Amino acid sequence: MDPNKKRVDSLFPDEVLERVLSLITTHKDRSSISLVSKSWYNAERWSRRHVFIGNCYSVSPQIVAKRFPNIRSVTIKGKPRFSDFNLVPDDWGADVFPWLSVFATVYPFLEELRLKRMVVSDESLEFLATKFVGFRNLSLMSCDGFSTDGLKAVATHCKNLTELDIQENGIEDLGGHWLSCFPESLTSLEILNFASLNSEVSFDALEKLVSRCKSLRVLKVNRNISLDQLQKLLLHAPQLMELGTGTFMQELVSGPLTELKNAFSNCKNLLTLSGLWDATPLYLPVIYPACARLTFLNLSYATLRSVELANLLAHCKSLRRLWLLDTVGDKGLEAVGSCCPLLEELRVFPADPFDEEMNLGVTEVGFISVSRGCPKLHYTLYFCRQMTNSAVVAVAQNCPDFTHFRLCIMTPGQPDYITKEPMDEGFGAIVKTCTKIQRLAVSGLLTDRTFEYIGKYAKNLETLSVAFAGSSDLGMEYVLGCPKLRKLEIRDCPFGNAALLSGLMKYESMRSLWMSACNVTMNGCRVLAKQRPMLNVEVIKDEESDDSQAHKVYVYRTVAGPRRDAPPFVLTL
């Protein structure tokens, strides 16, 4: 044994070491600590309270339970991200129940569960609510398989619930009766988000719940909550830090606007505002009193025009994060650049991604305006219909601290619309200038030169998304040279077996690889699976696909071996 390592171990009794390690919360740091020595491994093992599982098939619940005996909080991600674009069949897998059945035995005191892209049945939610008596926090994001009956079980049985966060799920909405199932004794709720549900809920039950939960700091309601009702909720909960409103339609207000405006004025702690469905210029001013303190404004459900946005942003001088629809146009983005000097994150979504009219939406002009006025910008998701290399170069120069850059030119294969050249130099400027880039999504007409730039300069890149791009296998070979690459997502690219097999030495250090509609064959996948047995190489077969072609390939590292719940159309090689 290294004598220095022995001295480090002997400095701390186990109890002290476990206490010190309990103060370290990031899973990356804790994983690194466990590699120092056997005693540090054991101390980290016993002191760990939260576990993050980035792929539900990379490890089994039994292995997790054996490794970490004292877990109180679990985060699990399931289906590949491209399931958001309907590229993964509904019955692909990622059922949470096998995890819950193991946890019920080894973690009876589980308090928190956060799931993303998992299949969650009503039976699973009832099992969760009844088997874990101290359960407190539930967050479901982009999950499916359950209905509001499952939420009813959670509301009924979780007596100490502090968080119920339901976001963007494929839920069967059977009505709003679930909200009436919280017991009258429940006063612990701190986070309640049901913004993505459609049904009307009992406002009387909601008002009583909000009024008795004095520690409520996050409330996001659905669009069925009127402004009159919102005013009443704010009177009961002026302590809110995050608010998601209902509809902002004119005909749903009966009292004077000053009362609603005063209600917002009394929310002295409000930092995040979202919702604002159907917002109109007449009613937007009611939120102005709360805008000076806002750090996050989510307008992705509000079809505002440029003038309306400019008037609103004039009151929002502290914004760090802003989400918009492209209805604001370039003029609206000019207002962002003028009014939001502290902005760090900007997302611009298409109001209608299938509208081909080029005179709508945002362009390179608005992108440049934001970059000039917001030098601290380091995260962007930007949907547009046209872009130029010179604009992307300018954005990179104005905002060199980008860590997340996702530019989505919505027409596949679209070149620089002025020069008609590929967008290679624009994305090349991003990876050359923005050396902190961790996540990158590229689009437009791209040759292998873009990927050569990425492989050469993107030293901190962890996640790369590619669609309708590249010239040959070399493109993929280049990006596999990124030293920190963890997730690679590719669709509709000309990459074949040579590109796939060029990553033989790389995939075991990555979390996953997704390839769909590329030129990969079953034989190529079999070679990969044979040479790298620690990887699961899965091929998702379509009814119309050629038996020799691997139309959808999902590759991921695992310590659990081939999964046992694969449906017939998923071939594990």
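A short reminder: the numbers here are calculations on the coordinates, not readings from a lab. Remember, it's a predicted structure, so these values are computed and weren't measured experimentally. FYI the Cβ positions are ideal-geometry reconstructions off the backbone, even for glycines, and counts take in every protein chain you see.
Points to keep in mind about this one:
- By the rule of a C-alpha distance below 27 Å, with chain neighbours fewer than 8 residues away ignored, the lysines paired with residue 317 are 220, 261, 268, 331, 376, 436.
- Charge dipole of the stretch 49-216 about the Cα centre (unit charges at C-beta), most positive-ward option of 150, 58, 175: 58
- Efficiency of FRET between residue 62 and residue 228 - r from beta-carbon atoms, R0 60 angstrom, step 0.05: 0.70
- Positive-end residue of 120, 318, 517, charge dipole of the chain with Cβ unit charges: 318
- Placing unit charges on each Cβ (+1 for Lys and Arg, -1 for Asp and Glu) gives the chain a dipole about its Cα centre, and among 78, 493, 332 the Cα reaching farthest toward its positive end belongs to 78.
- On full extension, the segment bounded by residue 563 and residue 471 gains 29.7 nm, given 0.36 nm per residue less the C-alpha separation.
- Proportion of all alpha-carbon pairs of the chain beyond 35 Å (%): 46 percent
- When only Cα pairs below 8 angstrom with a gap of at least 6 residues are kept, the stretch 81-165 shows a relative contact order of 29 percent.
- This model, with +1 at the C-beta of Lys and Arg and -1 at the C-beta of Asp and Glu, gives the chain a dipole about its Cα centre of some 2680 debye.
- Taking a straight line from the alpha carbon of residue 530, these aspartates and glutamates sit under 14 Å away, with near neighbours fewer than eight places off in the same chain left out: 508, 538.
- Taking all Cα-Cα distances within the stretch 295-452, those exceeding 29 Å account for 12%.
- Using the rule -39500 (n - 2.57) for each DSSP H run of four or more residues, divided by the residues of the chain, the 222 nm mean residue ellipticity is -9000 deg cm²/dmol.
- Order by protection proxy (mean Cβ within 10 Å, highest first), peptides 279-291, 235-247: 235-247, 279-291
- Divide the volume of the convex hull around the Cα atoms of the stretch 15-163 by the residue count and you get 115 Å³ per residue.
- At R0 = 25 Å, FRET efficiency that the Cβ-Cβ distance of residue 38 and residue 505 yields, to 0.05: 0.30
- Once the C-beta distance of residue 305 and residue 548 is scaled by a Förster radius of 51 Å, the resulting FRET efficiency is 0.45 to the nearest 0.05.
- Simple Cβ-charge dipole of the stretch 49-216, Lys/Arg +1 and Asp/Glu -1, about Cα centre, in debye nearest 20: 980 debye
- Remark: the residue 141-residue 72 segment gains 22.9 nm on full extension, using 0.36 nm per residue and subtracting the alpha carbon distance.
- Shown for the stretch 85-225 is the translational diffusion coefficient from the Stokes-Einstein equation, using the Kirkwood radius over Cα pairs, a temperature of 4 °C and a viscosity of 1.567 mPa s: 85 µm²/s.
- Label zone (residue 421, point 7 Å along Cα-to-C-beta; backbone nitrogen cut-off 13 Å) within the stretch 443-486: 447, 450.
- Across 131/152; 79/152; 116/506; 456/487, pairs whose alpha-carbon gap is larger than 21 Å: 79/152; 116/506
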